[in-house]
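Peer 1: The structure under discussion is supplied below as structure tokens; questions concerning it will follow.
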Ligand SMILES: Nc1ncnc2c1ncn2[C@@H]1O[C@H](COP(=O)(O)OP(=O)(O)OP(=O)(O)O)[C@@H](O)[C@H]1O
Ligand SMILES: Nc1ncnc2c1ncn2[C@@H]1O[C@H](COP(=O)(O)OP(=O)(O)O)[C@@H](O)[C@H]1O
Ligand code: SF4
Ligand code: SF4
Ligand SMILES: [Mg+2]
Ligand SMILES: [Mg+2]
């Protein structure tokens, strides 16, 4: 999709083992990302979004088996030593984790955590680090930033802790940001402000972004491209406009329909029937078949591969929904 | 006339902030975070009241006050005409049963070592809801109510998905047959399709069991969908409250207007006209005098800087705390 990708993920597979059983958390995920490009990653809880990000960053290999290739600016990350990876993490590639509570150190002040990051990843002097720390807190909308540097994480509300995490991740101006639900705990005004900040950095510093979210409005407003995951696989990907307007995969369509928009208030919302499959017992054919209204016999026995269906557009479905003129344009 | 089940009057709550060594040496007085600055509202029988506002504005603090997890600094909450912080109500444990809170964090609010059955049985026993012999059938009934399979009773919380864990939390709250549910970001951590399932369940149960619900969430689409009325909170004060459809289609307070305009549209080409909020961000450590919103408001006047606007009814709208609500909305 991009001429000069900075990140190329190819056939990424991550498997955890529980006892004798293998848990295929991520299967054959492939995508590439250009400079300044923002790619969304959506899908149900447990579909493998976080594991994908952790596998890219080389974290998942400590507790799971990772196969496939992750090339970062031409270098293969999956075969790098931990020491080599540490030089890249935080400085070139930063990650915002989903759980803000567990990723901040409760024993250190917020100011110390920010300046320590800057000390590790930049050449800034002591005074400049403090100024930058205040500037970053200000950017992410922490009121009275200077006076709150000396406070501990528990003195911040949940949303404010998340903003601190974002400030830490962006402080060293990374070239790639892996953001796992960065604004899920936040309200819309702060969310808009933080997404603007991320977009601005993507644009001005050519920072690539992989953004995991379950808010389709955020995808619509922020991302250039989007990949929809289901049971560890990408089932549909392409330009945001096309995927959201004319979903071709039945699961994507179900997600779009679940959003409470243009439905009478306090009436039942549409929801995809059933629940996602357990990774312990994935169906033989298409993993979505038990919940899919378009399923045929073929869907139960063979697995649909992710295939090109239009320029820059791929879907993994034997019976994709019809394209519209809008999509062809 | 619908009956008022809960009346909150002028609720204030401030948390003391630990002083730094420097403050102590310089003999500076201790500071405090003013999380609630005079919240008054009524909950009506059978309604869903949505609560929205920026993170840190005091939504969870309000919810926690209602279930008596935080004692307010001043102000009152009446339930059934009884002051819930009064000595009489304190002795009486029925309040804890009748008003149930479902927490923001589905992962930490369920004991990881207790099976779903144990969790529900405990709730039933604490409030002596059923004789021992009827506990097992009641658990089966509750699982049915929230549409969890019967074998869920033997499983531990980590064996469930996020959406299923929220159902367990709902089942636990419903076990004690409450009249009021306080839902703090109940579905915020869930994906849209699971969110829809939980919201459908909540709407259906509300109808069936005549529940009154306080629904705190930051997803405005969702709040609009489930609420009869909505309260907008800013720096620990209600700045606007009224009928949900009216408020969402025509917000009257400048802050509500900015808030609603920031919700991301599902249409990539509808970049919207988000109203940019200017000026210093507010801090509950240092609540501005006068209208708390005046430092960011484009309609600010001298009066706003000095006088706190009270909530008052605006014709054709809800109640709004703004000195200039009429002028601001006359063209709308
Ligand atoms: N360390 C681990 N060991 C075993 N299984 C794991 C581990 N981490 C994740 N998994 C499993 O891998 C699957 C994918 O998890 P992941 O956290 O990536 O989902 P997700 O899409 O991010 O969901 P959510 O939206 O809930 O965060 C899940 O079934 C999860 O239980
Ligand atoms: N235990 C506490 N000690 C000190 N400050 C607190 C505490 N709990 C909350 N606060 C502060 O109170 C304000 C409101 O917090 P909260 O009610 O959690 O906000 P919300 O739920 O709207 O995000 C925030 O400024 C927060 O930092
Ligand atoms: S392959 Fe078949 S079961 Fe799977 S999504 Fe397509 S139509 Fe549905
Ligand atoms: S009272 Fe004044 S400052 Fe406050 S919202 Fe109204 S116009 Fe703005
Ligand atoms: Mg995740
Ligand atoms: Mg909260």
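Taken together, the values in this text are just the output of simple stated rules run on the coordinates, not laboratory data. Quick caveat: nothing in here was measured; it's all calculated off a predicted structure. Methodologically, a virtual Cβ is constructed for each residue, glycine included, from the backbone with ideal geometry; neighbour enumeration extends over all protein chains shown.
Peer 1: Is the shape of segment B:125-221 best called rounded, prolate or oblate, per the rule: a/c under 1.5 gives rounded, else a/b larger than b/c gives prolate, else oblate, with a ≥ b ≥ c the square roots of the Cα gyration tensor eigenvalues?
Peer 2: Oblate is the answer for segment B:125-221, as a/c is 1.5 or above yet b/c matches or exceeds a/b.
Peer 1: For segment A:247-328, what class follows from the C-alpha gyration tensor (a ≥ b ≥ c being the square roots of its eigenvalues): rounded when a/c is under 1.5, otherwise prolate if a/b is larger than b/c, else oblate? Could the numbers behind the result be given before it?
Peer 2: On the way: a/c = 2.43, a/b = 1.16, b/c = 2.10.
Oblate, since a/c reaches 1.5 and b/c is not below a/b.
Peer 1: What's the center-to-center distance, using Cα atoms, between segment A:257-272 and segment A:17-41 in Å?
Peer 2: Each part reduced to its Cα centre gives a spacing of 30 Å.
Peer 1: Using 7 Å Cα-to-Cβ label points, what is the residue B:134/residue A:266 separation (nm, one decimal)?
Peer 2: Once both label points are built, they end up 3.1 nm from each other.
Peer 1: Using a 7 Å offset from the Cα along the Cα-to-Cβ direction at both residue A:206 and residue B:126, what is the distance between the two label points in nm, to one decimal?
Peer 2: That separation, rounded to one decimal, is 5.7 nm.
Peer 1: For segment A:7-229, give me the percentage of DSSP beta bridges that are antiparallel, rounded to the nearest 5 percent.
Peer 2: Details: 18 of 37 bridges.
In segment A:7-229, approximately 50 percent of DSSP beta bridges are antiparallel ones.
Peer 1: OK, next. Build a GNM of chain B with springs between Cα atoms under 10 Å: which of B:193, B:14, B:40 gets the top mean-square fluctuation?
Peer 2: B:193
Peer 1: While we're here: Return A:160, B:129, A:305 ranked ascending by Cβ neighbour count within 10 Å, so the fewest neighbours appear first. List each step's numbers first, then the result.
Peer 2: Details: A:160 25, B:129 15, A:305 12.
So the residues, fewest neighbours to most, are A:305, B:129, A:160.
Peer 1: Any chance you could give the angle, 0 to 90 degrees and rounded to 10, that helix B:192-209 forms with the longest Cα principal axis of chain B?
Peer 2: 80 degrees
Peer 1: Taking the 0 to 90 degree range and rounding to the nearest ten, how far is the long axis of helix B:162-175 tilted relative to the main principal axis of chain B, both from C-alpha atoms?
Peer 2: Roughly 80 degrees between the two axes.
Peer 1: Compute the helix-to-body angle for A:110-121: its Cα long axis versus the longest principal axis of chain A, expressed 0 to 90° and rounded to tens.
Peer 2: 80 degrees
Peer 1: On to the next question. Averaged across A:268-279, how many Cβ atoms of other chains sit within 10 Å of each residue's Cβ atom?
Peer 2: Numbers: counts 7, 12, 4, 10, 6, 2, 2, 6, 5, 0, 2, 0.
Per residue, the average neighbour count from other chains is 5.
Peer 1: Where the centre of each part is set by its Cα atoms, how far does segment B:73-106 sit from segment B:223-244, in angstrom?
Peer 2: The distance from the Cα centre of segment B:73-106 to that of segment B:223-244 comes to 22 Å.
Peer 1: How would you rank A:59, A:33, going from fewest to most other Cβ atoms within 10 Å of each one's own Cβ? Could the numbers behind the result be given before it?
Peer 2: On the way: A:59 17, A:33 22.
In order of increasing Cβ crowding within 10 Å: A:59, A:33.
Peer 1: Still on this structure, I have one more. With the contact rule set at Cα under 8 Å and sequence spacing of 6 or more, what percent relative contact order holds for chain B?
Peer 2: Once divided by the residue count of chain B, the mean separation gives 19 percent.
Peer 1: Hey, fewest Cβ within 10 Å first, where do A:79, B:116, A:184 land in order? Could you put the intermediate results ahead of the total?
Peer 2: Numbers: A:79 10, B:116 27, A:184 22.
Lowest count first: A:79, A:184, B:116.
Peer 1: Just to verify a number: FRET efficiency for residue A:301 and residue B:204, C-beta to C-beta distance, R0 = 41 Å, to 0.05?
Peer 2: Numbers: r = 37 Å, r/R0 = 0.90.
FRET efficiency, residue A:301 to residue B:204: 0.65.
Peer 1: Let me ask another. Given an 8 Å cut-off on Cα distances and at least 6 residues of separation, report the relative contact order of segment A:219-329 as a percent. Present the calculation step by step, with values, prior to reporting the outcome.
Peer 2: Details: 154 pairs, mean separation 31.9, N = 111.
Computed over segment A:219-329, the figure is 29 percent.
Peer 1: Separate question: Rounded to the nearest 0.05, what FRET efficiency do residue A:80 and residue B:115 have when you use their Cβ-Cβ distance and R0 = 35 Å? Could you put the intermediate results ahead of the total?
Peer 2: Details: r = 43 Å, r/R0 = 1.23.
For residue A:80 and residue B:115, the calculated efficiency is 0.20.
Peer 1: Share of antiparallel DSSP beta bridges in the protein assembly as shown, in percent to the nearest 5?
Peer 2: Numbers: 57 of 94 bridges.
So the antiparallel bridges in the protein assembly as shown amount to around 60 percent.
Peer 1: Also, I was wondering about something else. Return the FRET efficiency for the residue pair residue B:7, residue B:250: r is the Cβ-Cβ distance, R0 is 35 Å, and the value is rounded to the nearest 0.05.
Peer 2: Values: r = 27 Å, r/R0 = 0.78.
For R0 = 35 Å, the calculated efficiency reads 0.80.
Peer 1: Mind jotting down the distance between the C-alpha centroids of segment A:215-233 and segment B:123-168, whole Å?
Peer 2: Between the Cα centres of segment B:123-168 and segment A:215-233 lies a distance of 34 Å.
Peer 1: Now for a different question. At residue B:302 and residue B:327, where each label point lies 7 Å from the Cα along Cα→Cβ, what is the point-to-point distance in nanometres?
Peer 2: 1.3 nm
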